[in-house]
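Student: The structure that follows is given in the form of structure tokens.
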Amino acid sequence: MSIRGMGVFNKLRNLDAYPKVNEDFYSRTLSGGLITIFSSIAIVFLFVSEIGLYLHSGTQTKLVVDTSRGERLRVNFDVTFPSVPCSLIAVDTMDISGEQHIDIRHDIIKNRIDHLGNVIATRQDGVGAPKIEKPLQRHGGRLDHNETYCGSCYGAEVSDDDCCNSCEEVREAYRKKGWGLSNPELIDQCSREGYINQIKEEEGEGCNINGFVDVNKVAGNFHFAAGKSLHHSQNFLSSLLDLQLGNYNISHKINRLTFGEDFPGVVNPLDGAQWMHHTSSGIYQYFIKVVPTIYTDLTGHKIHSNQFSVTEHFSDEHVYPNPPPGVYFVYDFSPIKVIYTEGSTPFLHFLTNICAIIGGVFTVAGIIDSFIYHGQRAIKKKMDLGKYR
């Protein structure tokens, strides 16, 4: 090797920040060995913990003002009424914008259950009454050869061209008039469809209702009315029963209630909630504050959903005015939106933490070892001089 090459190596050797000490100058102690073992265990433990944090993503939370407009909200539910037959439960929605849906059947599944909770039969309701073409108006109750049947609305017709060809259409005509259908046995359409027989057949049964409703993203309510309800515009929650068959036991269990899609970590406070009573008939209200939420996972996929908090209130049948029996979910929206964003630890940050763990533990262990070593030497020196008692 040339003299110039040797000079370069000597200069590099002078830059060594880690000068080596000859082993002849080392003094190994028992305390140093114990400290080395404990510090090694600490390094392994912290190293495994850091790997766990690196492999599992964290979530960042941010609060912003909700400026969204014109959105719709899907409410998913699964509620069981052990003491009310399916034929007497209606699902209604209404909101402060004036939109209302009475006796919703679309996307609703009703399961008849016995007193033990076993499913007897399952029925998925259609949308409203059976779809029929507009029939011609009857003349004196007789049909000509080129006319089709047109049933009476029993005084609820708005014009001479109105026809009610099913029990549901008669009840709908009565709703529009604000009347209660108190004696369905006298309605020919209800008799032909076996409406009353169906109610009597389901006596003593319960009902499980599951499905979803799509509502405006404004304050409103949806409710499960025991009996068929009528809406009066003067009162947001007012309704009447069109069947006066006595009191209803509105004991219920909420198997599931969500506002929008599920996302990781979501907690729905009403899942599994139940209220059971043997005799009470009244109105059970859940006042819900819905908080709009956006969850973004590691892939950038966004889930637009909602969280909610809830308070409860029960009014029995003796309250005046007498409330219609049922379970009401009255909801409102928070002006604040919560944004969750999944994020993983960068690899360079992971390496930095590993180096900090190893260096930090060895540094602290060295300080402790030095303190113990010099303390032992000082005590031993005093003992040799006879000054330590």
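The values are calculated or read from the model by the stated rules, or taken from the named source; none is laboratory data. Predicted, not measured: the structure shown is a model, and the values here were computed from it. Note: ideal-geometry Cβ built from the backbone for every residue, glycine included; neighbour counts use all protein chains shown.
Student: Of the residues in the stretch 292-337, how many are assigned to a strand (DSSP E or B), of a type in the set (Asp, Glu) and at pLDDT below 90?
Tutor: Matching residues across the stretch 292-337 total 1.
Student: Same structure, new question: Out of everything in the stretch 346-389 that is β-branched (Val, Ile, Thr) and either more than 21 Å from VAL44 (Cβ to Cβ) or not in a helix (DSSP H, G or I) (or both), what residue ends up being modelled with the lowest pLDDT?
Tutor: So, considering only residues that are β-branched (Val, Ile, Thr) and either more than 21 Å from VAL44 (Cβ to Cβ) or not in a helix (DSSP H, G or I) (or both), the one modelled with the lowest pLDDT is ILE379.
Student: Continuing with this model, one more query. LYS110 passes all but one of (1) surrounded by fewer than 18 Cβ atoms within 10 Å (Cβ to Cβ); (2) part of a strand (DSSP E or B); which number fails?
Tutor: Unmet condition: (1).
Student: Restricting the search to the stretch 248-269, which residues are assigned to a loop (DSSP other than H, G, I, E, B) and surrounded by 20 or more Cβ atoms within 10 Å (Cβ to Cβ)?
Tutor: TYR248, ILE250, SER251
Student: Collect the residues in the stretch 61-89 that are over 30 Å from VAL119 (Cα atoms) and either out of contact with any Asp or Glu (no Cβ under 8 Å at 6 or more places or on another chain) or small (Gly, Ala, Ser) (or both), keeping them in residue-number order.
Tutor: Hits for the stretch 61-89 are THR61, LYS62, LEU63, VAL64, VAL65, ASP66, THR67, SER68, ARG69, GLY70, GLU71.
Student: Related question: Being of a type outside the set (Gly, Ala, Ser) and at pLDDT 90 or above is the filter; apply it to the stretch 202-212 and report the residue that is nearest to VAL75 (Cα to Cα). Even if it seems obvious, please write down each step before you answer.
Tutor: Start the filter on the stretch 202-212 by keeping residues that are of a type outside the set (Gly, Ala, Ser), which leaves 202-203, 205, 207-210, 212.
Filter once more, so that each one left must be at pLDDT 90 or above: 207-210, 212.
Numbers: CYS207: 19, ASN208: 16, ILE209: 13, ASN210: 11, PHE212: 5 Å.
Filtering first and then ranking leaves PHE212.
Student: In the stretch 48-77, which residues are under 30 Å from HIS106 (Cα atoms) and assigned to a strand (DSSP E or B)?
Tutor: Correct list: ARG72, LEU73, ARG74, VAL75, ASN76, PHE77.
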